[in-house]
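Notes follow once the structure below has been shown.
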Amino acid sequence: MADKSAKRNVSLVLQCEWGSCTHVSSRMEDFCTHVSEHLRQHQHEAREEAVDCEDEYCCHWLGCGFFTPDRTDFVRHVYFHCYHTKLKQFGLQALQSQPDLNPCQLDTQTRNIIPELQDGFICLWDQCESSYDNPEWYYRHVDTHGLSAEYEVAGKENRVLLCGWKDCDLSCKSRWKLREHLRSHTQEKVVSCPNCGGMFANNTKFYDHLRRQTSLEEHRFQCSHCSKRFATERLLRDHMRNHVNHYKCPLCDMTCPLPSSLRSHIRFRHSDERPFKCQHCEYSCKNLVDLRRHQDTHSKMPAFCCEYEECTFTARSMSSIKAHHRKFHEGDCEPRYKCHVCEKCFTRGNNLTVHLRKKHQFKWPSGHPRFRYKEHDDGFLRLQLVRYESVELTEQLMKEREKQGAPMDTTTTCLVLSPGGSMESDEGVYDRTVVEKDCALLS
């Protein structure tokens, strides 16, 4: 791992994008000081205007549009733009050091969209609990714990460094490994794509982000589960880990591969909170993407056009475009979805879903809100009949079934979907496969 202090001393081009400001700094300390002046001025103007509305604090960073009634959230958000600007500079330098890699081709409109932030940047190292508004100072502070941790004796000859983070008992043999491990607690990213703004935990993941955008002819490695193709075998292995469910929702039977997907599931399925509010009407939603999509409906100019060349239909929302497509162009598309039971074909996935539920009496997989479809060698998408779950998660599910007094028949445990609720038919079985290691998917 590269020394963080060495990176701090590298001269950077940190350009402020608050409103029409064009200030440039070469050091993070100066850059954060400059942005803090924007914050003070903005908060002063907000108090003078005394606007009586919930969305009092609005971020003026170019292309952002974030707003919140909470001053602390607002300050933390703006300072994260400072940190994000630094990461994009690191990404530009990393890209320049790899002349064989092509730049990112994704939409630049997301380059200043930063993720939803945690409730606070709080250090949970033993007996610390320091808190920060600025992620730069927070990550530097946590790194000092890794630098100052003392070796402890483990066995006769071994010495290890113990992680002092709350509820963590990991031990590391080297200091750089401990410092790297601490990033898993803080969710610190070290590089960002200068084009699309995506953030990554290391340069390797950033390079993978660029390699994924190479032409399909160069993607020689194919996933046996979903048929996606990748440029390298390592990318394929990383991808296939996402097919293995490791986490179960505490509120329902949903299982998913990542903590982030579990958080998203809980937010969308079990929470009524709608923190993103429209400035023009009473609409509110659960994420920024839905809010931006809704705000297009307030535009005087149509934001969407029908994809068919001879059609001049335009609309202000994607839902109107989809409704237009269903009404006028449904028959113009080649059917891509096929029922694996009766071979009937459909142009849209939700039509096949309705068919499976009504014609063949299929039920949702336990805890899952929809069916998933897999592309086969003939080009048709059919119902995905396999779900991978880790040994640990399967053991957890079996223990829960045992507590509930459910029979522990192994066949019943593996079959979670069948037509008409019957477990006897082989046509509609949704098989839950247990994998002991991620690499088992590649066998």
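The values are calculated or read from the model by the stated rules, or taken from the named source; none is laboratory data. Because the structure is a prediction, the values reported are computed rather than measured. For neighbour counting, all protein chains shown are included, and Cβ atoms are generated from backbone atoms with ideal geometry for every residue, glycine included.
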Fill in: Candidate set from the range 157-181 (those that are assigned to a helix (DSSP H, G or I) and in contact with a strand residue (DSSP E or B) (Cβ under 7 Å, 6 or more places away or on another chain)); member that is nearest to GLY120 (Cα to Cα)
HIS181
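Looking at the range 60-101 only, could you name the residues that are part of a loop (DSSP other than H, G, I, E, B) and not hydrophobic (A, V, I, L, M, F, W, C)?
Going through the range 60-101, the residues part of a loop (DSSP other than H, G, I, E, B) turn out to be 60, 62-66, 69-70, 97-101.
Within the range 60-101, HIS60, GLY63, GLY65, PRO69, ASP70, SER97, GLN98, PRO99, ASP100 meet the criteria.
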Discussion item. Taking the condition of being among the acidic types (Asp, Glu), assigned to a loop (DSSP other than H, G, I, E, B) and buried (at least 19 other Cβ atoms within 10 Å of the Cβ), how many residues in the range 117-155 meet it?
Written reply: 1
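Assess whether TYR207 counts as being under 30 Å from LEU14 (Cα atoms) and among the aromatic types (Phe, Trp, Tyr). Let's see the steps before the verdict.
Working: under 30 Å from LEU14 (Cα atoms): yes; among the aromatic types (Phe, Trp, Tyr): yes.
For TYR207, the condition - under 30 Å from LEU14 (Cα atoms) and among the aromatic types (Phe, Trp, Tyr) - is met.
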Discussion item. If I filter the range 59-71 for residues that are surrounded by 16 or more Cβ atoms within 10 Å (Cβ to Cβ), touching a Ser or Thr at 6+ places or on another chain (Cβ under 8 Å) and touching a residue at least 12 places away in the same chain (Cβ under 8 Å), do I get at least one hit?
Written reply: no
Worksheet, complete the sentence: Selection from the range 96-115 of residues surrounded by fewer than 18 Cβ atoms within 10 Å (Cβ to Cβ) and touching a helix residue (DSSP H, G or I) at 6+ places or on another chain (Cβ under 8 Å) yields GLN98, LEU101, ASN102, PRO103
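What residue, among those in the range 277-310 that are aliphatic (A, V, I, L, M) and part of a loop (DSSP other than H, G, I, E, B), is modelled with the highest pLDDT? Reasoning before the result, please.
Of the range 277-310, the ones aliphatic (A, V, I, L, M) are 288-289, 291, 301, 303.
From what's left, part of a loop (DSSP other than H, G, I, E, B): 301, 303.
Working: MET301: 71, ALA303: 66.
Among residues in the range 277-310 that are aliphatic (A, V, I, L, M) and part of a loop (DSSP other than H, G, I, E, B), the one modelled with the highest pLDDT is MET301.
Of everything in the range 202-219 that's assigned to a helix (DSSP H, G or I) and of a type in the set (S, T, N, Q), which residue is modelled with the highest pLDDT? Walk me through how you get there before you give the answer.
Pass one, the range 202-219, residues assigned to a helix (DSSP H, G or I): 203-211, 216-218.
If we keep only those that are of a type in the set (S, T, N, Q) too, we end up with 203-204.
Values: ASN203: 93, THR204: 90.
Restricting to residues being assigned to a helix (DSSP H, G or I) and of a type in the set (S, T, N, Q), the top hit is ASN203.
Among residues belonging to the range 323-358 that are loosely packed, with under 13 Cβ neighbours inside 10 Å and modelled with pLDDT of 85 or more, point out the one that is farthest from ASP378 (Cα to Cα).
To start, the set of residues in the range 323-358 that are loosely packed, with under 13 Cβ neighbours inside 10 Å comprises 323, 326-327, 330-334, 342-343, 350, 354, 358.
Checking the rest, the ones that are also modelled with pLDDT of 85 or more come to 342-343, 354, 358.
On the way: CYS342: 16, GLU343: 13, VAL354: 23, LYS358: 26 Å.
Ranking the qualifying residues of the range 323-358, first place goes to LYS358.
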Item to complete: Scan the range 220-273 residue by residue and report those that are within 21 Å of ARG387 (Cβ to Cβ) and of a type in the set (S, T, N, Q).
Response: GLN222, SER224, SER227, ASN242, ASN245, THR255, SER260, SER261, SER264
Worksheet item: Residues of the range 164-185 being crowded, with 19+ Cβ neighbours inside 10 Å and either in contact (Cβ under 8 Å) with a residue 60 or more places away in the chain or at positive phi (or both), which ones?
Response: ARG179
